[in-house]
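Participant: The following block contains the structure, expressed as structure tokens.
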Amino acid sequence: MKRGFKASAVRLALEIRSEFGLGPTGPFDPYAYFSTYGIPVVGISELEAGVSRMLSDQSRDKISGALIPLGFGFLVIDNDFHPMTRRRSTAAHECAHHALEHEFAASISAEQRACGLGKDQEAEADELAGELLIPSKSAKSHAVCMWSDDDVAEAYGVSVQFAEWRMNANGARKYARAVQRRRST
Ligand SMILES: [Zn+2]
């Protein structure tokens with residue numbers, strides 16, 4: 001990850017959220033992002049029902065999502081067999097690749113938060129996706145207010161595992177503990 005990327009992801013995520021009328025708190029909708037940027041989303045279930053058997057039953061587990069260049073634009077493949085919380089984090093990852101203008105032939109998320117575009121681009125997309133779904137600023141204030149990972153997951157429409165990652169990765173829980181120590185002395 002480039003130096004200073006984390007700080008720019010914080011700013012970029014807040015800018016993108018504000019384009020959608022959001023402040024630092026509340027759930028971000030990656031599907032609204034796709035719609036605004038004219039990116040069609042196709043569910044794997046639609047592909048299976050219609051055009052092709054290319055994606056067999058196995059793909060339900062193997063593929064989380066994909067961002068595919070198509071002419072001058074993009075197409076998103078969405079694994080609609082996955083729970084919505086997981087789909088939202090995969091979709092936010094694909095939004096991040098798009099917003100960061102990463103260049104690729106196709107970004108396929110084979111597992112949650114990993115689609116093989118190379119370490120730097122993957123790390124950047126994860127970081128921006130995290131900031132889009134739960135900005136660091138909000139993670140800190142929720143940690144200070146003693147929100148559990150479940151509370152955060154519920155409020156932001158993500159899995160508990162994702163909430164836990166956001167509440168720890170950027171030091172929100174650590175920050176809250178320091179604040180509490182200061183208050184109690
Ligand atoms: Zn990726």
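Participant: Kindly indicate which of GLU101, GLU15, GLU19 is on the phi > 0 side of the Ramachandran plot and either exposed (fewer than 12 other Cβ atoms within 10 Å of the Cβ) or at pLDDT below 80 (or both).
Facilitator: From the options GLU101, GLU15, GLU19, the qualifying one is GLU101.
Participant: Let me ask something additional. Evaluate the following for ARG60: is it in contact with a Phe, Trp or Tyr (Cβ under 6 Å, 6 or more places away or on another chain), surrounded by fewer than 18 Cβ atoms within 10 Å (Cβ to Cβ) and modelled with pLDDT under 90?
Facilitator: Here the answer is yes, as ARG60 does meet what is asked.
The rows are residues; the columns are (1) aliphatic (A, V, I, L, M); (2) assigned to a helix (DSSP H, G or I).
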site	(1), (2)
ALA7	yes, yes
ALA13	yes, yes
THR25	no, no
SER35	no, yes
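Participant: The conditions are (1) touching a strand residue (DSSP E or B) at 6+ places or on another chain (Cβ under 8 Å); (2) in a helix (DSSP H, G or I); (3) modelled with pLDDT under 90, and GLU48 fails exactly one of them. Which is it?
Facilitator: (1)
Participant: A further question on this structure: I'm trying to understand the selection: among the residues of region 68-95, which are touching a strand residue (DSSP E or B) at 6+ places or on another chain (Cβ under 9 Å) and part of a helix (DSSP H, G or I)?
Facilitator: ARG87, THR90, ALA91, HIS93, GLU94, CYS95
Participant: Out of everything in region 109-131 that is modelled with pLDDT under 85 and near the ligand (Cβ under 8 Å from one of its atoms), what residue ends up being nearest to GLY26 (Cα to Cα)?
Facilitator: Checking each candidate, the answer is ARG113.
Participant: Taking only pairs six or more apart or across chains, which ones have beta-carbon atoms under 6 Å, a first residue in region 65-92 that is more than 16 Å from ILE39 (Cα to Cα), and a second residue that is of a type in the set (Lys, Arg)?
Facilitator: That search, which allows pairs on different chains as well, returns PHE81/ARG60.
The values are calculated or read from the model by the stated rules, or taken from the named source; none is laboratory data. Small disclaimer: the values here were computed from a predicted structure and weren't measured. Positions of Cβ are generated from backbone atoms using ideal geometry, with glycine treated the same way; all protein chains shown enter the neighbour counts.
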